[in-house]
Structures are given as structure tokens and as C-alpha cells.
1. Taking the range A:54-73 as the region of interest, how many residues are more than 9 Å from DNA strand D (Cβ to nearest atom) and not in a helix (DSSP H, G or I)?
2. Restricting to the range B:74-84, give me the number of residues that are surrounded by fewer than 21 Cβ atoms within 10 Å (Cβ to Cβ) and either within 14 Å of chain A (Cβ to nearest Cβ) or assigned to a helix (DSSP H, G or I) (or both).
3. Touching a helix residue (DSSP H, G or I) at 6+ places or on another chain (Cβ under 7 Å), more than 8 Å from chain B (Cβ to nearest Cβ) and in a helix (DSSP H, G or I), is that true of residue A:134?
4. Being part of a loop (DSSP other than H, G, I, E, B) and either more than 9 Å from chain B (Cβ to nearest Cβ) or buried (at least 18 other Cβ atoms within 10 Å of the Cβ) (or both) is the filter here, so list the residues in the range A:169-196 that pass it.
5. Can you work out which of the residues in the range A:143-168 that are surrounded by fewer than 18 Cβ atoms within 10 Å (Cβ to Cβ) and either in contact with a helix residue (DSSP H, G or I) (Cβ under 8 Å, 6 or more places away or on another chain) or modelled with pLDDT of 95 or more (or both) is farthest from the other protein chains (Cβ to nearest Cβ)?
6. Identify the single condition in (1) surrounded by fewer than 18 Cβ atoms within 10 Å (Cβ to Cβ); (2) outside any helix (DSSP H, G or I); (3) within 14 Å of another protein chain (Cβ to nearest Cβ); (4) free of Cβ contacts under 8 Å to residues at least 24 places away in the same chain that residue B:111 does not satisfy, given that it satisfies every other one.
7. Quick check on this structure: which one of A:19, A:23, A:37 is more than 8 Å from DNA strand D (Cβ to nearest atom), farther than 19 Å from residue A:112 by Cβ and within 14 Å of chain B (Cβ to nearest Cβ)?
DNA sequence: AGTTTTAGGTACACGACTGTATCTAAAGCG
DNA sequence: CGCTTTAGATACAGTCGTGTACCTAAAACT
């Protein structure tokens, strides 16, 4: 490892380790996550990892807790459709970030521990005011532009579900046309907005 | 292994191996899939596996190709809503079968090979006449009960997306109430059916 | 400066999985 | 029945990850 002159410590070191853990999880999935690979990627000794964490999953959860939180959609003046598309775009961007891909790999792991999944939701999503389109839809319902009775859990989740499935199917990020189609053809009709 | 009196051969043996591969993939995910575990579960020698397949993924793909095909929704007389719910129920049942969980684990694997995913779609889904709700919606559109113009790719995929996300979120099978909510609150409005 | 903390590095024994070689005997054929 | 095919079993060397022990020296504090 050639022991360069400086030796990282504290936050610098932690950040490097967390970044390595997220990258490994995002690339390999939780099934192939190893202390060894994280240590190599972070250019530190395995010993250093074992001093703080007992296994790769333990480490990964800490890394996710420290990761940048998901950006909040900021509903604008009077553009429900545009704000919905923008909130889905936020979701797509997050989903393709290192942390996002690590989370999705975790959620889809057949060997996942329910307790871990729950902890994850608390740390990553519950900090924010709900999910992506949910924030926007609630905003316009509060303004009277939407019927609050239509905003059931199912309706609030349509956008997220469609984007997640699309990513699962194609493996790539949906473009704006597709996001607009989701909004126009699925979310708005379900929310009771009459279209042309 | 105690070498019981009889020795399996041909189809019997293959079936046992395929079942073991699917079970392993469904439980552990593709990342943790090993020749060793498959051989142990099928109660055969690793040697036997290496005679036919070069690695666990190769074996798994053959196993999926041989797996029972997904059941077809059979749209009935005149019950669009009921048929949609039934088709989603079919999807849920399939998703919790061994083969279904193996496929989902494959699709969600961050290290997945796009070529493998494509081969999978051809083998598992393209044999059938489209996806679950799609079959039903097309049937009623052909009968004039639905406007064919509303049946865009997005609309045809709403049910599948909602069910997939629900399974991902909760890890459990949605009950009929939830499936009905998906149909009433998401699919039917998007398909242009006026509700009460 | 001296002292404490802790990262970097080496080494080791252990287990899991790999891929191949080799032998045996059961299954299925004529 | 004799012959061919092939499943079952064992063995082995090699690789990779684990978890621990141990030493060293850099970083940070007094």
C-alpha cells in the first residue's frame, strides 16, 4: 500500500470508508459485499475496519446514515404537472446516485433482514416529509387544487412505483418524456385531474 | 451422502438440480449463488454439475427456462374490475413462487448482465401474451369496453409496477384489499373508467 | 518535548468455494 | 448378459474472505 507520507484519521478516513462501502454495495450488491473489498477500495487496512464494525452490513448501514439526504422537491407557484415531473426527476437522480443504488440493492436482496430495512426507511426517508410525488401532491391538495380524498396511499405511490419498475426493467434512467407520460397518463388521472 | 440404493439420472436428476438452483437463488440472491450450495441442496456431487454447466449463473438460466411458465389471466364475461384484480393476484402468486423470487432477485442485482436480463424476458415473459393486467385490458379494449387509445405502455404497466413496489417495500404479499385499491384508484382512472 | 491514540501493515489459521482428476458402481442399452 | 454411459464420492491444490494478534509509526494532545 506504499504508506504515503500522510495518514488519514477521523472524519477524512471515515468519509473514504463510507464512500468505498457505498460504491461496493452499489456495484456488487449486498450479497457480494466484503470487508476486504471495502478496505481495498478505501486504501486502508482491514484491521481498521474491524476496529469499528463487526461485518460489512453493519458498516454499510452507518455509511447510508451518513450519506447525503435525498433532495426535497420544492413545489412552485402553480404548475402541478411540472412539479410532479420535477419530483420524479429528483427520484431518478437519487436512484442513480451511489447511495441510491446501494439502497435499492438492499431492498431487493432476497436475504434481507426486515429489521435492517425498517432502520433504513427511518434513516433515509422518514427524515424527509414523505416521498417524492407525495410532497407535491399534498402541497396542491392543501391549496385546494386537488381533492384530498383522492390522495390515498396508493395514489401517492404511483409515481414512485412506475419509476422504480422502469429502472428495474431497463436498468437505465427514464428520460423526461417517460416521466411526463407517467404524470399525464397515471398520476393525474388517478388524482382526479381531467385531461384534454 | 450415504449413497441410497437408487441413483437418479436424466430428467429426475435435472429436476432436482433445477429446483435446488431456483431455491438457492430465491433465498440467497444471485450474489451468493454457488455451485456448492446447489449441489448440497440437490444432494448430488459438484462434479455432476460441472459436467453440464460452467458456473452457477449458467445453471440458473437453464433452470428458469425449464420452470413452470407464468399462468395466463383468463378474462371472464363482463367483469373488468374483477378480472384485473384476479390478474394481479396471479402476478403476486407468481412473484412468491420460487422461480418468481429468483427472477426478481436477478432483475434487482446491481451486477446484472444486460444480456442475461434480455434472455430472461424472452424466456419467461415473451412466451406469454404480455404481462398480467395487459392481457385483461387488451381483452376489454377489443370488446369496445375500453378506449384503446388509453392503453399506452405506461397505463398497461401500472398494476405490475404498483404490485412490484409493494412487494419491494413490505417484503410480503399484498392482500386482496390492496390489489382492489390499485385497480380502483390507479388502473381504472388511468384507463378512463369513470368511478362512483 | 513526552504521551496517548489510532491508522497502516504483516502474518496466521480457518473456512468456503472452485475447478479438476480419479475411481466406483448404478442405470440403461443392445 | 456384457457394454456403455454417467451419477456418486473422494481428494487435492488454489483462491478468497474472515477474524485475530501483533508491531510501527503518524497524528493529536498536554
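The values are calculated or read from the model by the stated rules, or taken from the named source; none is laboratory data. Since the model is a prediction, treat every value here as computed from it, not as a measurement. Neighbour counts are summed over all protein chains in view; Cβ atoms, including those assigned to glycine, are modelled from backbone coordinates with ideal geometry.
1. Summing the residues that are more than 9 Å from DNA strand D (Cβ to nearest atom) and not in a helix (DSSP H, G or I) in the range A:54-73 gives 7.
2. 2
3. Against the criterion (touching a helix residue (DSSP H, G or I) at 6+ places or on another chain (Cβ under 7 Å), more than 8 Å from chain B (Cβ to nearest Cβ) and in a helix (DSSP H, G or I)), residue A:134 qualifies.
4. Passing the criteria: A:172, A:173, A:174, A:175, A:191, A:193, A:194, A:195, A:196.
5. A:145
6. Condition not satisfied by residue B:111: (4).
7. It is A:23.
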